[in-house]
Amino acid sequence: MCALPATLGRDSGAAAVVLDDPDVSRRHARLEIIDDELVLTDLESTNGTYVNDARVTRQVLVPGDRMRIGRYDLAWTLVDPKATVAEDSNGNTGTIAAASASSGTTDGDQGGPGGSGGGEGGGGGSSDSY
């Protein structure tokens, strides 16, 4: 679980959610709740942030949207007004609480380095839950 707002990126010193991929910028994107909506903002990354295969700079996410950052594909589902759940393509889920004092992330399906959810999948792609 990690508190929002949360930065996603390659640098463990700058990102709450670490995505271990050279195509991911050190500080790639940010997830935050704005006016009761989950918003994904690209932080001027080199390779872009994608929602439903369209490159975005800022996007209000709706249930069923799929985010892509580097080789990571992420989806989320609204659980209740105070939390969201990210789900990977294998159906593994992890909670991101909107008002949580704890930090860190849940491990992906194959466990990432340092508990950062950086598991690797076959076929050139990977999905993790946060």
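Would you be able to tell me the number of residues in segment 60-76 that are part of a strand (DSSP E or B) and closer than 17 Å to Val17 by Cβ? Reasoning before the result, please.
Within segment 60-76, the first condition is being part of a strand (DSSP E or B), and the residues that meet it are 60, 66-69, 72-76.
Within this subset, residues satisfying the condition of being closer than 17 Å to Val17 by Cβ are 66-69, 72-76.
Summing the residues that are part of a strand (DSSP E or B) and closer than 17 Å to Val17 by Cβ in segment 60-76 gives 9.
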Kindly indicate whether any position in segment 29-48 is within 10 Å of Gly70 (Cα to Cα), open to solvent by less than 10 Å² (accessible area, probe 1.4 Å) and within 11 Å of the chain's Cα centre (by Cα). no
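Given the residues Thr41, Thr77, Thr49, Thr7, which is the only one that is of a type in the set (S, T, N, Q) and modelled with pLDDT under 90? Steps first, answer last, please.
Numbers: Thr41 fails: modelled with pLDDT under 90; Thr49 fails: modelled with pLDDT under 90; Thr7 fails: modelled with pLDDT under 90.
Checking each option against the conditions leaves just Thr77.
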Can Asp53 be described as more than 14 Å from Thr7 (Cβ to Cβ) and more than 14 Å from the chain's Cα centre (by Cα)? yes
Note on segment 3-27: residues surrounded by 20 or more Cβ atoms within 10 Å (Cβ to Cβ), in contact (Cβ under 8 Å) with a residue 40 or more places away in the chain and within 11 Å of the chain's Cα centre (by Cα) are Leu8, Ala16, Val17, Val18, Leu19
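The values are calculated or read from the model by the stated rules, or taken from the named source; none is laboratory data. Since we're looking at a predicted model, the values are computed, not measured. Counting neighbours? That spans all protein chains shown, and the Cβs are built from the backbone with ideal geometry, glycine included. Side chains included, ligands, DNA and RNA excluded: accessible areas come from the protein's heavy atoms. Shrake-Rupley method; radii C 1.70, N 1.55, O 1.52, S 1.80 Å.
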